1. I'd like the full set of residues that are free of Cβ contacts under 8 Å to residues at least 12 places away in the same chain and surrounded by 11 or more Cβ atoms within 10 Å (Cβ to Cβ), limited to region 155-171.
2. Of all residues in region 131-143 being touching a helix residue (DSSP H, G or I) at 6+ places or on another chain (Cβ under 8 Å) and in a loop (DSSP other than H, G, I, E, B), which is surrounded by the fewest Cβ atoms within 10 Å (Cβ to Cβ)?
3. Given the criteria at negative phi and over 13 Å from the mean Cα position of the chain (by Cα), does residue 59 qualify?
4. Name the one entry in 134, 118, 153, 81 that is among the acidic types (Asp, Glu), within 12 Å of the chain's Cα centre (by Cα) and more than 19 Å from residue 23 (Cα to Cα).
5. Out of all the residues in region 71-89, is one or more within 26 Å of residue 6 (Cα to Cα), at pLDDT below 95 and exposed (fewer than 12 other Cβ atoms within 10 Å of the Cβ)?
6. Could you go through region 48-58 and let me know if any residue there is within 23 Å of residue 128 (Cα to Cα) and among the charged types (D, E, K, R).
7. Could you check region 21-64 and list, in sequence order, the residues that are farther than 27 Å from residue 159 by Cβ, of a type outside the set (Val, Ile, Thr) and not in a helix (DSSP H, G or I)?
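The values are calculated or read from the model by the stated rules, or taken from the named source; none is laboratory data. This structure is a prediction, so every number in the text was calculated from the model and none was measured. Methodologically, a virtual Cβ is constructed for each residue, glycine included, from the backbone with ideal geometry; neighbour enumeration extends over all protein chains shown.
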Amino acid sequence: MLTGSKILLRVPGLSDVDFMLSIENDKRYWHLSGNTSPYSIADMETFVKESTSNLESDKQLRLVIFEIASKTKIGLIDIFEYEALHRRAGIGVFICDEFRGKGLAADALRVLVHYLFEIIQLHQVWCNVLSDNEASLKMFTAAGFKQTGLKKEWLFFDDSFHDEALLQLINPKHST
């Protein structure tokens, strides 16, 4: 378990399946994950049961975000496309609507980046953010991420194409 000032992060268990399904099966967010159809309970249970929660073997790690004050599940934070050779990974953060704007995602990101840089010894982390998602861009840049690219007309949803920004954070201990 990883703890911040407002949140804690932990590996999901079977008791989190319904919570994860409520997020993954919400069509409003499918464009963020590339999802095009809902997951079943069996799909999500298999994901939880088969996850070793080890970046080396799974090449990904999902954590449930809890707000400490309310003891409530408020979102998910993912590490994906982990590449040990290049010492990098992608990060994705999702906070449920009613908990946004409270600094909880920023706290979760800070805790996760610290873990990835200090414990896993990654050289860099990166994320993709819709170019019009001002709140997420502000959060990632406040955490030190720099926009290094813009993928024009990268995602198609709501009957139009949308740009996606690429942001990277280099471990300050590895800077040249």
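1. Within region 155-171, 161 is the sole residue that qualifies.
2. Result: 131.
3. No, not satisfied.
4. 81 is the lone residue from the list that is among the acidic types (Asp, Glu), within 12 Å of the chain's Cα centre (by Cα) and more than 19 Å from residue 23 (Cα to Cα).
5. Checked region 71-89: at least one residue is within 26 Å of residue 6 (Cα to Cα), at pLDDT below 95 and exposed (fewer than 12 other Cβ atoms within 10 Å of the Cβ).
6. yes
7. Those that are farther than 27 Å from residue 159 by Cβ, of a type outside the set (Val, Ile, Thr) and not in a helix (DSSP H, G or I): 40, 51, 53, 54, 59, 60, 61, 62, 63.
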